[in-house]
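To keep things clear, I will list the structure first and then write my remarks on it.
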């Protein structure tokens, strides 16, 4: 999803371009990308953002991701209703920056903040990235784990300011990533494989071992059903065996897709919301499926 076009610059008035206020900061660079998951409004928050950006910034670009209001809408790509709110958030943020003497421009971005950042890195080529967002338990589905994902994806340092979800947001905390992408870190069996985190390695092991065990349980269910007098060659399986087969096939497809995504699809960004979504299904669903199949085949 792409948002609307770029919102214009502040009008020229013939005066020297104002500098950003000096102050403590964790990132540096002349070109700054600000990701507004929450509107940047109020004197205190605006000053805090500018202080973290530092006095060396000369160009400021704001992107307001069109955040969906639910996980289902985000996964289904149903974000049209979120665009007006994102545009209002963008316009409010730009107005606040300009009132503070900052020449800023921006646009509505992708519904996934990581994808929005990636798009603007290509177009704007920033030296630093600052994200204004909510804590995971308070924010939109797309904001969860955002800083961790940014560290894995981007070479540039990313500073995330956590704010309250209020009409006048207040700063709660600040965290930052290192200047080297976490994608380069981690274990890999060969240089041709992408670096894998411990969660990735654990997910692969659970997927492989769990799928094999589910297959064994399904085969036992078929054998037991045949031994009980059901002719499975004519399609008359017991209900327990049929359920075990369906569970095994379903989890095999999910686990196969997740493992292939981790090992082969890193180049197409299988590393964000969908990766976390399928990782949870694989890591949690496989043990649950094993338990259910074991009960069906071994107990009932």
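Between residue 172 and residue 95, with labels modelled 7 Å along Cα→Cβ, what's the label distance in nm to one decimal, could you check?
2.6
Tell me the label-point distance for the pair residue 291, residue 263, using the 7 Å Cα-to-Cβ offset, in nm and rounded to one decimal.
The answer from the label model is 2.9 nm.
Sort 91, 99 by Cβ crowding within 10 Å, fewest neighbours at the top. Don't skip to the end; give the middle numbers.
Details: 91 16, 99 11.
Lowest count first: 99, 91.
Sorting 200, 43 on the 10 Å Cβ count, fewest up front, what's the list? All intermediate terms of the calculation are to be shown ahead of the outcome.
Numbers: 200 20, 43 11.
Ordered from fewest to most neighbouring Cβ atoms within 10 Å, 200, 43 come out as 43, 200.
Hey, rough spin-label estimate for residue 43 and residue 122, points 7 angstrom out along Cα→Cβ, what's it come to in nanometres?
4.2
Could you please rank 288, 132, placing first whichever residue has the fewest other Cβ atoms within 10 Å of its Cβ? Don't skip to the answer; put the middle values down first.
Values: 288 13, 132 26.
Ascending Cβ contact count within 10 Å gives the list 288, 132.
What does the extension gain come out to for residue 164 and residue 51, with contour length at 0.36 nm per residue minus their alpha carbon separation? Mind dumping the intermediate values first?
Details: separation 113, 0.36 × 113 = 40.68 nm, distance 1.86 nm.
Going from the current span to full extension adds 38.8 nm.
Quick note: the coordinates plus some simple rules give every number you see, no bench work behind them. Keep in mind that this is a model prediction, so the values were computed, not measured. Virtual Cβ from ideal backbone geometry, glycine too; neighbours counted across all protein chains shown.
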